[in-house]
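What follows draws every value from the coordinates through simple rules; no lab data is involved. Predicted model, so just to flag it, every value in this text is computed and none were measured.
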Amino acid sequence: MNQSVQERRLKVERENTSLSMTRQCSLLNIHRSGLYYKPVGETQYNLELMRMIDEQHMKRPWYGVPRMTTWLREDMGHIVNHKRIERLYRLLGVSAIGPKPNTSKPGKNHKIYPYLLKNLKVKHPNQVWAIDITYLPVQGGYLYLVAIIDLYSRYVVNWSLSNTMSSHWCTETLKEAVRLHGKPEIINTDQGSQFTATEFSECVADELEIRLRMDGKGQSEYAEKFPHYVEIYQRDRKE
């Protein structure tokens, strides 16, 4: 049978008195439980925890799951365990920033492009665009937001919402921005797999002929860009 499970589920006749639901599911080779299951979104409590984690992560991005769990328990009074916080970290797509083993490698055969903005002065529009992904909590769950900003004017040249993150989504959002505003000289991204993927990087470098720049992962660059975070991080470690 070449039809998808969803297509076969639509063929079930709930009012059919000749064939039971069990028999229909057997003939269609589907599980009866799938007819009744409805995906459940995140609880309001988890969404509130995600908001708090996101805000604290912006202030102290070196907080991993253990320290975030301790902060939520001792400072905020929430009875949570590390497994819940670990799962919410994965949903948010965040991780602690700081010296650690390289566990966030790009996908297989993904190309990393060099850092191009060191000591570069941005002097006019369409010189450098930056693209990044974040999340937006909504009722029953969350959506991903990709935004592209002109670093000179601080104008958002394009944005898009999606319930999944993919290289194709980022690529199409960039193409639309170029169609609307012309192309920049440089595109600035992080080393997320959506941006190191062949579809995105080849579109930027080959099809659009834009120089692609990617943030490094070293602590020295992080310290250069966020010296106030480094100061807080060092103070926290002493405490």
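Do any of Lys123/Lys175; Lys59/Lys121; Lys121/Lys175; Lys59/Lys175; Lys59/Lys83 go past 30 Å between their Cα atoms, and which? Before the final figure, lay out the partial values.
Values: Lys123/Lys175 23 Å; Lys59/Lys121 27 Å; Lys121/Lys175 25 Å; Lys59/Lys175 33 Å; Lys59/Lys83 22 Å.
Correct reply: Lys59/Lys175.
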Response to the item:
Karplus-derived 3J(HN,Hα) from phi for the stretch 176-190 (6.51 cos²θ - 1.76 cosθ + 1.60, θ = phi - 60°), whole Hz, x at Gly and Pro, runs 5, 4, 5, 4, 7, 10, x, 9, x, 7, 9, 10, 10, 9, 8
Worksheet item: Once the stretch 1-65 is represented by equal point scatterers at the alpha-carbon sites, with solvent omitted, what log10 I(q)/I(0) does the Debye formula produce at q = 0.15, 0.19 Å⁻¹?
Response: -0.61, -0.74
Worksheet entry | Amide H partners (placed H, <5 Å) of Asp132, local residues excluded | Ala147
Fill in: Cα-based equivalent ellipsoid, the stretch 44-92: semi-axes from gyration tensor eigenvalues, Å
13, 13, 11
